[in-house]
Amino acid sequence: MEEKKIVLVEDDPDHADLITEVLVEGDTETEIILVQDGMAAVDYFQELGIEWNGRIDCKIKLVILDLNLPKVCGMEVLKLLKKNSKYNKIPVVVLSTSSDQRTIDEVYKNGANGYFVKPSSYEEFVEKVKILKKCS
Amino acid sequence: MFGIRNKIYIIPLSIVVICLIIISAFFGIYMMAYIKNEKLRDFQCTTQSKVEEADAFLHSIERDVTSISHNTFLTNLIDAVKREDTEEINHCKFEVEMLFKTFSESRRIYDQIRYIDFTGHEVVRVDINGKGVYVVPQEELRDKSNRYYFQETVKLNEGNVYISELDLNREGGSVEIPHKPMLRYAVPVSGSDKQVQGIVVLNVQADHLLKKILTREILNGAGTYLLDQDGYYLLHPEATKQWGGLNDLNTGENVKRDLPQETAALILSGKPESRLVDKQFFNLIPIYFDSSNHERYWIMAESLDKSIVYSPIYAFVILLCIVIALLIAGAVVFSLIFLKRITNPLRLLVKGTKQIADGDLEHTITIEKKHNEITELTETFNLMVKRLRASSEENRQLFLQLKQGQGQWQETFDTITDLITIHDKDLRIIMANRAFSEKFNISTEELHNKKYHEIFHGTDEPSPTCPLVRIVESLQPEFEEVEGSDIGGAFLVSAYPILDEEGKLNGVVRLAKEITERKKVLKEIEMGIEYTENLLETAHDAIVCVDEEGIINIWNQSAEKVFGYKKSEIIGLSVKEIISAGVLDGFLQMSKLIKISEILEISGKTKAGKIIQLEMSLSSQKIEKGRHAFTMIIRDITFQKGAEKQLAEKANMLETINRELEEFVYIISHDLKEPLFAIDGYTSRLYRTYKDVYDDKGKLFTDRIKINVQTMSNKIKEIMEVLKIGRIVYKFGDNDSGAIVKDVVNSLETRIKTNRIKVTIDHNLPTVYCDERRLKDLFSNLVTNAIKFMGTSEQAETSHDRSAKERDDELRSVKIGCQADTDAYKFFVEDTGIGIRKEYQEQIFKIFRRLRDIETEGTGVGLAIVKKIVELHSGKLWIESPVEDGRGSRFCFTIPKTSHVSNN
């Protein structure tokens, strides 16, 4: 069975829990790696980078990135991910509470593969994630 | 006319002629003498040469005879004779004969050559006759002892020669015919013993002498004479006169007979002479034919006809005269020609001049081109005429101009409206212009009769103040201002003196200028000035006027108040005392070019030194000499400035606060959203996890929680919306409001249908200058509100009363329209709802306010948003309610027509 890794960068533990719940629903193979702040995310990817030297293959299938992060904000992390040739191929979906058009534009400009708003309806959210999983 | 000619004729000509004559006279005389002398000399020479030749001839004969006498042969013969050596005698005789023959042949002049012995017998004889030279035979030899020549000769000594007379030869006692003039030369000869043994005789054919020598050259008119001492002609042009002597023909012809005694004596004197006798010139030269006896001579006379001598002279004289005549004629002709050459042009010149003098200035004199003084004169003359013409033309022009000028003067004089009179030195009027004549209604003729003061003042006596009277004394221009209704207004009377060379009064020019108008104008100006001054002083703003250098010349009361300087203190000082230099200079320069400048805000300084803020408007005016004056109207805005500054600061602060507030609200609402997600999430999960355990209450509670979460989320969203209005960038343009409204209605279709509302949209919705999205939001909100206000149609649905339902339906309509005003478009969204009570119409737009009467969804923020959008478009928003029958509300707002909308 192929192991899939999804990196979730989210600081709010409740959100992280909820999201993880949705992501792993009915899916045993997927491993969710939780990173809780921007800096940790950067470190994680850098370490990953060192490990990866020469290896194209990588198990990380998706990065879900919250914008509102302490230390290093999500936008920076996004930029880092997408600028680095090693892992800019990994799809990054940005998650945020903001529905501000400007933010959305900027996120896409920086190379995000997707963006969606954390809805106030949990049900909606579940639906969205299901679609997302199907794509990845 | 003829003076020159005569002069040239007479004077030079006479001079020339006289000179010629004198010269030629002298010449002639000289030449005559010369010729004569020459001729005579020639003549003399001829004669002389003849004589010399004759001499030579004779001498030669002498020599001959001498030589013969000494000849050896002869000597031999003599000796032989003496010895009586017959053989030798014959021999010697033969030799002597030969000798004589040879001699004779060679000389050819000897008729006879004889040797005669001392007895007188011819021993040897050689004769010449027509046939030639021959020796006369013995038998024919004769005795000549009785001949004189023999007798004479034997007497002679050795060496002496006997020469006979020249006479005709006699043969046998009578003259031989043909005549043979003979000359005998004889010498005694001696033998060796030196004794005279005989004589040699030479008979000389004197013809040779006479014919050949003496008459060698016979000139025309010349005669050759040979006379013996007795006067007998040996040679005479008239042959008959020859040989008149006793021994000869004895004709008696003698010179003594032919000529006067003195003359003959002179001739025969033997002196060489040349003289004119009668009509002939005579050369007399003696021929001394006997060298041993100078007493014996012939006289050679040659005559030359006077005419011969004189004729060349005459000829010469004639020639000379001819030449002179020719010369004179030539001179005359030449001078004639020359004269003509001179006088002709001169005459032409004179003629031309006459013509010009008669007035024809166009005439030019032409002379054939020969560059000399005359032509020069002519040309110069022509030039002069040309100049005369030009000058005459000039004069004519001047005259015309003068006339014209005079005409113009007269015109001007009469056109001038001032009353002008010209007076003589007694102040009588001699001339007046038309204006004067008309004013006083008096003709020029009448003027001369009246005294000036009668006319001007209407008085009998002159007035002492009258300028005319004063001028007589002062001789300076005098003035007087007179006014009165009797003379019809105010006049300025000026009088100007006309002075002669000595400075005495020769006349006066009087001018009366009507100044009624002027006075009126002056008065008005005075009043105007007064008015302006009042204005200045009562003006609230400070008014300061400066010149180009910035020197203050006007300062009003308000200026005193603003700056603290009193008028007297500041007038004359530079404006820099109160206003900073730099800025003002620039504006002063610029203001010269543009009359009114904009309002400047500058700082100034009061007398106390306090810096104040001023608002100044600057204008410039051109005054005389191209200079400018500047007027500054100044307002002290220090206070305003301060207030403005405070306001700006406060506004700034407000701005900052606003911004911070916005950010704050943004952050908060953001932060508020986060937990909502968790709340809803866990609530859902809770439900899912324990949904089997939950009862209805549990489900209800879960639902309530979820609903509230949603509400909160919505509220936050709406707050964000409101904030966005204040933060986002607007894009203004011309948009079709009709299209926008249709869009909005379409997007609300479901709700409209559900609530069974009839929506009417006006056709005339215009294109307005607006932000499209905001207008959309606006309409969306208003329509949504309108729908809300009309409530749901649930009640009607449950009713079975169709008509009630229908009635209800009719009441549910929304109308959207527009009315064009002058400056703006008035849009309205009208509903048939319950309407809004007056008390609430104000508050409804406030944020978060909603009417308690109706439970509506939403926070009421919508209307606040609408208000903000309308304000953004510089429009007005208000409600009209009720609309009809106590129902309905109409939301109205305006959007201005101009494109000038304030930017936030």
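The values are calculated or read from the model by the stated rules, or taken from the named source; none is laboratory data. Here the structure is a predicted model, which is why all the values come from computation and not from measurement. Please note: Cβ atoms are built from the backbone with ideal geometry, for glycine as well, and neighbour counts cover all protein chains shown. Each accessible area value is taken on the protein alone, full model and side chains, heavy atoms only, with ligands, DNA and RNA left out. Shrake-Rupley method; radii C 1.70, N 1.55, O 1.52, S 1.80 Å.
I need the full set of residues from the stretch B:677-723 which are of a type in the set (Lys, Arg) and open to solvent by 80 Å² or more (accessible area, probe 1.4 Å), in order please.
Matches in the stretch B:677-723: B:ARG688, B:LYS691, B:LYS697, B:ARG704, B:LYS715, B:LYS717.
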Query raised in the report: What about B:LYS645, is it open to solvent by 90 Å² or more (accessible area, probe 1.4 Å), modelled with pLDDT under 85 and basic (Lys, Arg)?
Result: no
Query raised in the report: So, in the stretch B:797-819, of the ones that are open to solvent by less than 70 Å² (accessible area, probe 1.4 Å) and assigned to a strand (DSSP E or B), which residue ends up modelled with the lowest pLDDT?
Result: B:SER813
Query raised in the report: Inside the stretch A:91-115, can you point out the residues that are in contact (Cβ under 8 Å) with a residue 24 or more places away in the chain, more than 17 Å from A:ALA40 (Cβ to Cβ) and away from every other protein chain (no Cβ under 14 Å)?
Result: A:PRO91, A:VAL93, A:VAL94, A:GLU106, A:VAL107, A:ASN110, A:GLY111, A:ALA112
Query - Criterion (within 26 Å of B:SER292 (Cα to Cα) and free of Cβ contacts under 8 Å to residues at least 60 places away in the same chain) met by exactly one of B:ARG63, B:ARG83 - result: B:ARG63
Requested in this report: Among the residues of the stretch B:118-145, write down those that are open to solvent by less than 30 Å² (accessible area, probe 1.4 Å) and assigned to a strand (DSSP E or B).
Outcome: B:GLU122, B:VAL123, B:VAL124, B:ARG125, B:VAL126, B:ASP127, B:ILE128, B:GLY132, B:VAL133
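For the stretch B:690-728, name all the residues that are of a type in the set (A, V, I, L, M) and either without any contact (Cβ under 8 Å) to a residue 60 or more places away in the chain or away from every other protein chain (no Cβ under 11 Å) (or both). Step through it out loud before you land on a result.
Keep residues of the stretch B:690-728 that are of a type in the set (A, V, I, L, M), which gives B:693, B:700, B:705, B:707, B:709, B:712, B:716, B:719-720, B:722-723, B:725, B:728.
B:VAL693, B:LEU700, B:ILE705, B:ILE707, B:VAL709, B:MET712, B:ILE716, B:ILE719, B:MET720, B:VAL722, B:ILE725, B:ILE728, listed by residue number.
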Report summary line: Restricting attention to the stretch B:43-62, the residues that are of a type outside the set (Val, Ile, Thr) and either closer than 18 Å to B:ALA206 by Cβ or in contact with a Gly (Cβ under 7 Å, 6 or more places away or on another chain) (or both) number exactly 11
Query raised in the report: assigned by TED's automatic domain parsing to the domain that holds B:LEU227, open to solvent by 30 Å² or more (accessible area, probe 1.4 Å) and touching a residue at least 24 places away in the same chain (Cβ under 8 Å), is that true of B:SER291?
Result: yes
Query raised in the report: Mind checking which residues of the stretch A:117-131 are within 12 Å of chain B (Cβ to nearest Cβ) and buried (at least 16 other Cβ atoms within 10 Å of the Cβ)?
Result: A:VAL117, A:LYS118, A:PRO119, A:SER120, A:SER121, A:TYR122, A:PHE125, A:VAL126, A:VAL129
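Is at least one residue of the stretch B:673-689 more than 14 Å from chain A (Cβ to nearest Cβ) and of a type in the set (A, V, I, L, M, F, W, C)?
no
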Query raised in the report: Of the residues B:GLN404, B:GLN355, B:GLN408, which single one is surrounded by 13 or more Cβ atoms within 10 Å (Cβ to Cβ) and either in contact with an Asp or Glu (Cβ under 9 Å, 6 or more places away or on another chain) or of a type in the set (S, T, N, Q) (or both)?
Result: B:GLN355
